[in-house]
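Heads up: the structure comes next, in structure tokens.
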Amino acid sequence: MKLFSPFAVATFTLALLPLTAAARDQGSIVVIGGTGANCREDPGCINRLHPEIPMAARAKAGDTLLFRTRDAADVLGVVSQQVDGPPTEFVLDLAPVHPMTGPVYIEGAEAGDVLAVSITHIDPGRYAWTLSNSGFAADLFGIEGTVFWELTSESAVSRGLPGIRIPNASFPGVVTTLPGPEQWEEMLRREAELLQAGGAVLPPDPTSASPAALCGPSGTDRDRCLRTIPPREHGGNLDIRYLQSGVTIYLPCYIDGCGLAIGDLHYAQGDGEVSGTAIEMSGDVWAKVRIVKDGPRLTRGPHYEGPSRLLDIPSRTFYAVTGFPIKQAGSTPPDLKYLDSDKVAPLSNLSNDINLAARNALAEMMDYIMTTYGYDQSQAYMIASIAVDLRIGQLVDVPNVGVTAILPLDIFEDR
């Protein structure tokens with residue numbers, strides 16, 4: 001059974017009360033999302049990005065916002081619907097990824113402002129899932145596997161990964177505002193250009209899109225709604241594990257009201273989310289916002305700040321490995337193939353390639369997990385995705401920039 005903190009119980013009760021105008025003037029609780037069997041049936045949920053998406057709610061700076069979010073694949077339901085246990089199996093369908101709760105119109109916010117979003121509390125759902133069939137190094141480790149997790153407010157355990165207990169480090173993978181017309185057009189243009197060149201891009205797809213009237217198969221702009229897979233300048237699928245309770249994220253407002261949305265909750269994740277998924281859950285996110293006039297420019301992406309404790313690994317001890325941009329002559333890393341360079345394959349050492357260094361660090365860490373703890377390759381890939389941090393060691397020692405992979409040892413219960 002899910003455990004709630006006293007704060008969560010109190011705010012949960014308040015969230016069920018009618019929101020009167022007088023209460024809103026005093027700083028009320030605004031509840032967004034949480035109805036319907038899935039995102040397409042929930043008027044407070046979207047899974048595409050477009051400047052003309054209608055707002056699901058309105059709020060003032062100082063209000064408490066409660067986002068009732070859905071898991072990334074939209075298979076678990078919102079927290080209140082989780083009564084029968086997790087599915088026994090499912091096939092990942094990318095079409096509905098990612099459900100986002102919102103968007104919320106922030107009264108008084110104008111295009112050009114900065115929106116400061118403070119995460120105050122997260123209530124995890126009752127169960128979650130992790131997949132190992134995609135991600136950063138699927139060509140090396142993409143052995144398909146799925147595990148389901150049982151969650152409490154303290155930790156997560158899974159029968160599919162026996163002997164491991166993961167501490168709660170919940171955060172939203174997606175925190176975003178809506179793109180404005182100019183930014184939206186530029187994002188569509190540059191991603192179409194990259195796709196044409198052979199780069200890894202998911203183009204607009206109306207299948208299972210929400211809102212359907214705008215982005216669905218019969219929508220008015222069905223082929224021009226941005227997917228939520230990549231983060232962009234407005235935020236989006238950041239997947240930064242440090243965006244936990246206590247953090248404030250600074251997002252650009254490209255349209256009046258900003259259009260704030262939150263989703264893709266993770267119970268825990270390692271830096272890198274290497275298998276393509278973390279511990280994927282639904283959850284209730286409590287947040288407050290304020291409007292910043294003349295704030296940071298945010299031309300390259302969001303900023304965030306918070307307590308330094310969130311930068312720590314969830315363990316008293318760790319084991320770490322290193323990786324450098326060294327490869328077998330005759331091979332081309334998958335991320336470089338679209339460039340059609342005839343220089344890459346013959347080399348056994350690439351200059352300053354941080355991606356190759358990270359792949360090598362990950363491979364070394366997976367070997368260590370399998371050899372030391374007896375997990376198979378699929379299990380090791382998932383452990384790396386939910387718990388291992390890939391961190392840059394240095395970027396200056398040419399040609400061999402360095403990445404280190406850090407494994408928190410306290411997750412292994414026998415220790």
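The values are calculated or read from the model by the stated rules, or taken from the named source; none is laboratory data. Here the structure is a predicted model, which means the values were calculated and not measured. Cβ placement follows ideal geometry from the backbone for every residue including glycine, while neighbour counts extend to all protein chains displayed.
So the values come out like this:
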{"read-out": "Selection status of V285, under 17 Å from the mean Cα position of the chain (by Cα), within 30 Å of C45 (Cβ to Cβ) and modelled with pLDDT of 95 or more", "value": "yes"}
{"read-out": "Hits in segment 391-412 - residues which are assigned to a loop (DSSP other than H, G, I, E, B) and buried (at least 16 other Cβ atoms within 10 Å of the Cβ)", "value": "N400, V401"}
{"read-out": "Check on L49, in contact (Cβ under 8 Å) with a residue 24 or more places away in the chain, touching a Leu at 6+ places or on another chain (Cβ under 6 Å) and surrounded by 23 or more Cβ atoms within 10 Å (Cβ to Cβ)", "value": "yes"}
{"read-out": "Some residue of segment 55-67 being under 22 Å from L151 (Cα atoms) and surrounded by 22 or more Cβ atoms within 10 Å (Cβ to Cβ)", "value": "yes"}
{"read-out": "Hits in segment 377-389 (condition: over 14 Å from F141 (Cβ atoms) and either modelled with pLDDT under 95 or part of a strand (DSSP E or B) (or both))", "value": "D389"}
{"read-out": "Evaluation of T101 against (1) surrounded by 16 or more Cβ atoms within 10 Å (Cβ to Cβ); (2) among the hydroxyl-bearing types (S, T, Y); (3) more than 30 Å from G295 (Cα to Cα) (one fails), failing number", "value": "(3)"}
{"read-out": "Identity of the residue in segment 48-70, of a type in the set (V, I, T) and part of a strand (DSSP E or B), that ends up farthest from N237 (Cα to Cα)", "value": "T64"}
